[in-house]
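Below is one structure, written out as structure tokens; comments come after it.
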Amino acid sequence: MQTIKFNTGRQYSANGQRIAAIQMPNGDIAFMDIDRGLDYAIPAGAAAFTQAGIMAAYDRDNLNTIWSLHIDCDQYAQILAELQTLAQSVKPLEA
């Protein structure tokens, strides 16, 4: 699975807005906004797997819950743990 992580620069926290995303084998995108405590899925084909694509879908609210990925509890926990680790490694905003 491909991953991407970035800081949008939006000031939702002292760290900004750190996002991490994973592209699933079927093209769905699971992502986490760690600073707002949110996680979502973007349906396959609804957004490019880029920072601009993910943020466009986020801003348009073209989102589903991660449960829409039809995964079991263990997969859900694994995806969230990976997203959290990725998001925490994003460089915070400069003071």
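The values are calculated or read from the model by the stated rules, or taken from the named source; none is laboratory data. Values in this document were obtained by computation on a predicted structure and should not be read as measured data. We place every Cβ from the backbone using ideal geometry, glycine too, and count neighbours over all the protein chains shown. The protein model used for the area step is the full one, side chains on, heavy atoms only, and it has no ligands, DNA or RNA in it. Shrake-Rupley method; radii C 1.70, N 1.55, O 1.52, S 1.80 Å.
Worth pointing out:
- Selected residue (only one of Y12, Y58 is open to solvent by 40 Å² or more (accessible area, probe 1.4 Å) and on the phi < 0 side of the Ramachandran plot): Y12
- The C-beta contact set for the stretch 67-95 (first residue more than 14 Å from S13 (Cβ to Cβ), second residue open to solvent by less than 40 Å² (accessible area, probe 1.4 Å), distance under 6 angstrom, 6+ apart or interchain) comprises S68/A41; L69/D28; L69/A41; I79/A30; L83/A20; L83/M32; L86/A20.
- Odd one out for A30, checked against (1) open to solvent by 50 Å² or more (accessible area, probe 1.4 Å); (2) within 18 Å of T3 (Cα to Cα); (3) free of Cβ contacts under 8 Å to residues at least 60 places away in the same chain: (1)
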